[in-house]
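A.B. asks: I have a structure I would like to understand better, so I am pasting it below and will then ask my questions one at a time.
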Amino acid sequence: MRKNDLIFGIIFVVLGIFIFTQTFFYPSLDKGHPGPGLFPNLLAILFIIFGAILILKARKPSDAGEEEAPPPAHGKVANAFFVLGIIVVYVAVVDIVGFLLTSAVLLFVLMFKLGAPALRSAISSICITLFINIMFLKILRVPLPPGILGW
């Protein structure tokens, strides 16, 4: 039994149930349109599902020869802090530079630093940025920071 998986699985299930019960009090919209509780409900359901998967995974009998995992290598810890740094930089500059440029450049840097080839990083970062931009502007109708481009 993996103790960490069991603990985090229980935490995620409980948190998911809590979020789901709190969205009962959110208002609903007319004509069957999804209301403000849709996104938290989806997240709560995902929390419950993935928490249950962690619990089931932790309950499987472990191999007798299984040893404790070695501590993370220095590079993995540095990559984790790099990701956190990218998030901080994103929050600091997105309003000034704009969503399109900031997201594309920081996604490229992040993917390239984590080992993806340069061409694949460039294509992926542009496609992901454009997809998110279209989702927010056209479908969700939520404006993203235009920044220096003014788009």
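The values are calculated or read from the model by the stated rules, or taken from the named source; none is laboratory data. What you see is a predicted model; the values in this text were computed from it and never measured. Heads up, the Cβs are rebuilt from the backbone with ideal geometry, glycines too, and the neighbour counts pull from every protein chain shown.
A.B. asks: If we keep just the residues of segment 80-120 that are under 18 Å from the mean Cα position of the chain (by Cα) and of a type in the set (G, A, S), which is modelled with the lowest pLDDT?
C.D. replies: The extreme case among them is A80.
A.B. asks: Tell me the residue from L100, L119 that is without any contact (Cβ under 8 Å) to a residue 12 or more places away in the chain and farther than 21 Å from A80 by Cα, please.
C.D. replies: Answer to the check: L119.
A.B. asks: For the condition hydrophobic (A, V, I, L, M, F, W, C) and either surrounded by 14 or more Cβ atoms within 10 Å (Cβ to Cβ) or in contact with a strand residue (DSSP E or B) (Cβ under 9 Å, 6 or more places away or on another chain) (or both), what is the one hit in L119, L137, L130, L114?
C.D. replies: L137
A.B. asks: With respect to F131, determine if the residue is within 22 Å of G85 (Cβ to Cβ), free of Cβ contacts under 8 Å to residues at least 12 places away in the same chain, in the same structural domain as A78 (by TED's automatic domain parsing) and assigned to a helix (DSSP H, G or I).
C.D. replies: Taking the combined requirement at face value, the residue does not satisfy it.
A.B. asks: Determine whether segment 140-149 contains at least one residue that is modelled with pLDDT under 90, surrounded by fewer than 17 Cβ atoms within 10 Å (Cβ to Cβ) and β-branched (V, I, T).
C.D. replies: Looking through segment 140-149, at least one residue is modelled with pLDDT under 90, surrounded by fewer than 17 Cβ atoms within 10 Å (Cβ to Cβ) and β-branched (V, I, T).
A.B. asks: Name the single residue, out of those in segment 134-149 being in a loop (DSSP other than H, G, I, E, B) and within 15 Å of V93 (Cα to Cα), that is nearest to the chain's Cα centre (by Cα).
C.D. replies: It comes out as L144.
A.B. asks: Out of (1) modelled with pLDDT under 95; (2) touching a helix residue (DSSP H, G or I) at 6+ places or on another chain (Cβ under 6 Å), what's the single condition that is false for F136?
C.D. replies: (2)
A.B. asks: State which residue pairs qualify: first residue outside the structural domain of L140 (by TED's automatic domain parsing) and inside segment 20-39, second residue part of a helix (DSSP H, G or I) and among the aromatic types (F, W, Y) in any location, beta carbons under 9 Å apart, and separation of 6 or more residues or different chains.
C.D. replies: F20/F47; G37/F24; G37/F25
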